[in-house]
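One structure is given here, and the rest of the page talks about it.
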Amino acid sequence: MNKTLLFLSIILLVGCKSETKSKENVETEQTLPQFKTVKEMLADASDYYVENGSLKFISEDKSNLHIQVSKPIFEADLESVKEEIVKRDIIYVAFQTFAQTDIDKLTITAIPNDMENREKYYEKYKKTVTIDRTKAKGIIKKYLNSEDFSILYKKDGELWLPNKNFSKLKFENLDEIFTELTNE
């Protein structure tokens, strides 16, 4: 009888440990991925590529990080569309960086390039903004009532994708967010 109780106790203990481990793994899988560098983060996201001219690293020095991103546009696009694309690129990369890295400050240059000729950039729409984590936290606190950048993402299967909160920043409040990012 004692041997049977001991055996059952061991089985229950091992079963509980396995269950605990599984819960820990699930929690870990539910955490937004973190990256050591913006380069790693952007490579994982597959939004901008050095190979097609949509991504350039002007400075990779962590204390003076400066990247350039470019979304393709058509020359015939409306002026307002071109300007919105530039603002959206800056907002997207800034908040993505603060959500997925420990970087405190970066400079982002957004300049659209031509849909037909990716080596042709539209300087007229070029904007450069230096952004720090504190300012970005203040913005999400004001607009989303949180200082946790991970609220900008949702897990969809194996992928982490921008969610409706991110859309509020990039679409619903685009001009306000951009203005706050650029004000000293």
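Computed from the coordinates by the stated procedures, all read-outs in this text should not be read as laboratory data. For clarity, every value in this text was computed on a predicted model and none was experimentally measured. Here the Cβ is made from the backbone with ideal geometry for all residues, glycine too, and neighbour counts use every protein chain on show.
Tabulated data
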| item | result |
| --- | --- |
| Only Lys, Arg (+1) and Asp, Glu (-1) charged, at Cβ; the stretch 34-182 dipole about Cα centre in debye | 420 debye |
| Relative contact order computed over the stretch 25-184 (Cα-Cα under 8 Å; 6+ residues apart), in percent | 20 percent |
| Alpha carbon centroid spacing (whole Å) that separates the stretch 141-184 from the stretch 79-138 | 14 Å |
| Signed unit charges on C-beta, dipole axis of the stretch 53-184, positive-most listed residue Ser70, Tyr122, Gln96 | Gln96 |
| Charge dipole magnitude, Cβ of K and R +1, D and E -1 - the stretch 63-102, Cα centre, debye nearest 20 | 120 debye |
| Protection proxy ranking of 132-140, 151-159 - average other beta-carbon atoms within 10 Å, highest first | 132-140, 151-159 |
| In nm, spacing of pseudo-spin labels at Thr179 and Lys124 (7 Å Cα→C-beta vector) | 2.4 nm |
| Set of the stretch 121-146 residues, backbone N closer than 12 Å to the point 7 Å along the Cα-Cβ line of Leu32 | 137, 140-141, 146 |
| Cβ crowding within 10 Å averaged over residues, with 39-46, 166-173 ranked highest first | 166-173, 39-46 |
